[in-house]
1. With a Förster radius of 25 Å, plug the Cβ-Cβ distance of residue 75 and residue 117 into 1/(1 + (r/R0)^6) and report the FRET value to the nearest 0.05.
2. With a Förster radius of 35 Å, plug the Cβ-Cβ distance of residue 187 and residue 147 into 1/(1 + (r/R0)^6) and report the FRET value to the nearest 0.05.
3. Suppose a student asked you for the relative contact order of the range 1-113, using Cα pairs under 8 Å spaced at least 6 residues apart; what percent would you report?
4. Grab the Cα-Cα distance for residue 24 and residue 156, subtract it from 0.36 nm times how many residues apart they are, and report the gain in nm with one decimal.
5. Note down the nm distance, to one decimal, between modelled labels 7 Å out along Cα→Cβ at residue 199 and at residue 167.
6. If the cut-off is a Cα-Cα distance under 21 Å, which lysines reach residue 191, setting aside same-chain residues fewer than 8 apart in sequence?
7. Tell me the net charge near residue 82. Cut-off is 13 Å between Cβ atoms, residue 82 excluded, with +1 for each Lys or Arg and -1 for each Asp or Glu.
8. What part of the accessible area of the range 29-120, given as a whole %, is carbon or sulfur when the probe is 1.4 angstrom?
Amino acid sequence: MTAQNATYTKPFDLFAEWMKEAEANEPNDPNAMALATVDAEGRPGLRMVLLKGWAEDGFRFFTNLTSRKGRDLAENQNVALLFHWKSLRRQIRIEGSVSPVTTEEADEYFASRPRGSRIGAWASKQSAPMEGRFEFEGRIAKYTAEYAVGEIPRPDFWSGYLVTPKRFEFWMDRPFRLHDRHQYDLADDGKGWTVTTLYP
């Protein structure tokens with residue numbers, strides 16, 4: 001991170017710069033991010049998901065609503081994201097809360113997915129136990145036959161979330177673990193960001 005980076009007043013501008021560099025240099029899934037959730041009993045969960053869109057209103061991802069993460073999000077809307085680009089030796093931490101995307105947005109993204117992925121969304125009881133792979137393959141065959149012709153509708157149990165950030169931390173590796181860390185906190189009125197430089 002350069003001195004100029006640290007002077008950005010909006011974290012989204014710096015995020016855009018780092019994401020562009022990741023897309024140019026990271027060999028696999030530069031849009032991969034860890035998503036941390038907490039269930040109703042305070043137990044944390046963590047998994048990798050793919051960022052499927054972002055703007056200054058937040059970050060979007062899609063999932064089966066009955067999955068473990070879907071159940072966690074129904075119980076507790078507070079989440080954290082982590083982007084880690086090993087080849088660039090950078091990471092971005094984001095904390096905020098989730099809300100559902102609109103029906104129209106979920107429909108539009110679902111329709112853009114490959115046909116096999118849309119069939120898979122119907123076939124997978126995400127996070128539920130299964131007796132074996134044959135059970136899953138049977139469900140894939142069932143929905144492949146059911147939707148052999150025409151469009152595949154979006155299941156009502158499959159949609160997306162918008163993560164509205166309240167805090168960013170941009171981390172960049174330095175020799176001897178003397179890393180650069182810059183934190184952006186959203187003002188109480190939601191109209192600006194406070195920038196703080198942190199010790200490594």
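The values are calculated or read from the model by the stated rules, or taken from the named source; none is laboratory data. This is a predicted model, so every value here is computed, not measured. No Cβ is skipped: glycine too gets one built from the backbone with ideal geometry, and neighbour counts run over all protein chains shown. Keep in mind that these areas ignore ligands, DNA and RNA; they rest on the heavy atoms of the full protein, side chains included. Shrake-Rupley method; radii C 1.70, N 1.55, O 1.52, S 1.80 Å.
1. On the way: r = 27 Å, r/R0 = 1.09.
E(calc), rounded to 0.05, equals 0.40.
2. Numbers: r = 48 Å, r/R0 = 1.37.
Given R0 = 35 Å and the Cβ-Cβ separation, E is 0.15.
3. Values: 133 pairs, mean separation 24.5, N = 113.
Here the relative contact order equals 22 percent.
4. Working: separation 132, 0.36 × 132 = 47.52 nm, distance 3.57 nm.
The residue 24-residue 156 span can extend by a further 43.9 nm.
5. 1.7 nm
6. Those lysines meeting the cut-off are 10, 166.
7. Details: positive: 47, 86, 90, 93, 167; negative: 95, 169.
That works out to +3.
8. Values: 2370 of 4690 Å².
The C+S portion of the solvent-accessible surface of the range 29-120 is 51 percent.
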